[in-house]
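Heads up: the structure comes next, in structure tokens.
The values are calculated or read from the model by the stated rules, or taken from the named source; none is laboratory data. Predicted, not measured: the structure shown is a model, and the values here were computed from it. Cβ placement follows ideal geometry from the backbone for every residue including glycine, while neighbour counts extend to all protein chains displayed. The area values use the complete protein model at the heavy-atom level, side chains included, leaving out ligands, DNA and RNA. Shrake-Rupley method; radii C 1.70, N 1.55, O 1.52, S 1.80 Å.
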Amino acid sequence: MVKVYLDYDCETPRYACTGCGNCSSIIGRSLCSIQNRGCCWYFPKFELYDIQRMSKTLEGLQVLNTIRQNPLTVVYPYYQHAKGYFDEKSYKEYIDSNNLMETGDIKDHTIFFRACPFVKEGHGCTIPVRYRTFVCNFFICDEIIGDELLKEEFKPYIEERARYSKWLYMENDSLRHLLYEKKINLVDNFEEVVQFLQELPLS
């Protein structure tokens, strides 16, 4: 039986699912060369709060460096978007075949041909939980939370996830304002921003 539970890694919360790695949900299906990647088709967006958490430890700074070294990572003024693998050739052949899978509410079929740059086949995410994004730590597929028999049990988890998301949004907004006042950003002053976040107390 698949179980979902709350877990912590150095005070960073996440929802863990025992089904990950042996996922049978539609959204976890891979049609690209990277198999057994579960739902790790998402290209993570690392916000200022994520970067601030990384700045506090040597391990975190090494993770931040790994993200920067990813050749497809795009740096924006107040976040980094780590783009990953997309099997465009196989996706085009799939679309041209007119033999698309029945995917219910899933309209974007590119997800079956994508993989996060930090997922390792058969292993999962190579980034420690404490440095992952909110989306990565709190995603639970609809096939689990949509179960009619479990909806009431999941309700407090979904509500608390929404509360935590709002709190993170406010934290990121606050950090953006501070950087704006100092006239620094990740594009033009990456090291300076990291040092500033390092010295700032972590909420």
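Of all residues in the stretch 185-203, which are open to solvent by less than 60 Å² (accessible area, probe 1.4 Å) and either more than 21 Å from S55 (Cα to Cα) or out of contact with any Ser or Thr (no Cβ under 7 Å at 6 or more places or on another chain) (or both)?
Within the stretch 185-203, N185, L186, N189, F190, V193, F196, L200 qualify.
For the stretch 1-59, how many residues are modelled with pLDDT of 90 or more, assigned to a helix (DSSP H, G or I) and open to solvent by less than 50 Å² (accessible area, probe 1.4 Å)?
Residues in the stretch 1-59 being modelled with pLDDT of 90 or more, assigned to a helix (DSSP H, G or I) and open to solvent by less than 50 Å² (accessible area, probe 1.4 Å): 8 in total.
Criterion first (touching a Gly at 6+ places or on another chain (Cβ under 8 Å) and polar (S, T, N, Q)) does Q52 satisfy it?
Taking the combined requirement at face value, the residue does not satisfy it.
Among the helices (runs of 4 or more DSSP H) lying completely within the stretch 116-184, list those that include at least 1 residues that are open to solvent by 100 Å² or more (accessible area, probe 1.4 Å) and modelled with pLDDT of 85 or more.
151-182
Would you mention how many residues in the stretch 96-109 are open to solvent by less than 60 Å² (accessible area, probe 1.4 Å) and farther than 19 Å from I34 by Cα?
Of the residues in the stretch 96-109, 3 are open to solvent by less than 60 Å² (accessible area, probe 1.4 Å) and farther than 19 Å from I34 by Cα.
If you go through the stretch 158-187 one residue at a time, how many are within 27 Å of V2 (Cβ to Cβ) and out of contact with any helix residue (DSSP H, G or I) (no Cβ under 8 Å at 6 or more places or on another chain)?
The total comes to 4.
Within 24 Å of E160 (Cβ to Cβ), surrounded by fewer than 20 Cβ atoms within 10 Å (Cβ to Cβ) and touching a residue at least 12 places away in the same chain (Cβ under 8 Å) - does that describe any residue in the stretch 60-71?
Looking through the stretch 60-71, none of the residues is within 24 Å of E160 (Cβ to Cβ), surrounded by fewer than 20 Cβ atoms within 10 Å (Cβ to Cβ) and touching a residue at least 12 places away in the same chain (Cβ under 8 Å).
Residue-by-condition table, conditions (1) within 24 Å of Y76 (Cα to Cα); (2) of a type in the set (V, I, T); (3) within 16 Å of the chain's Cα centre (by Cα):
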site: L100; (1), (2), (3): no, no, no
site: I127; (1), (2), (3): yes, yes, yes
site: R132; (1), (2), (3): yes, no, yes
site: L149; (1), (2), (3): no, no, no
site: E159; (1), (2), (3): no, no, no
site: S165; (1), (2), (3): yes, no, yes
site: M170; (1), (2), (3): yes, no, no
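Can you tell me which residues in the stretch 75-93 are within 20 Å of T126 (Cβ to Cβ) and of a type in the set (A, V, I, L, M, F, W, C)?
Result: A82, F86.
Does Y85 meet the test of being free of Cβ contacts under 8 Å to residues at least 24 places away in the same chain, open to solvent by 60 Å² or more (accessible area, probe 1.4 Å), hydroxyl-bearing (S, T, Y) and within 23 Å of V74 (Cα to Cα)?
no
Among the residues of the stretch 41-78, what is the count of those that are within 20 Å of I111 (Cβ to Cβ) and out of contact with any helix residue (DSSP H, G or I) (no Cβ under 8 Å at 6 or more places or on another chain)?
Of the residues in that region, 4 qualify.
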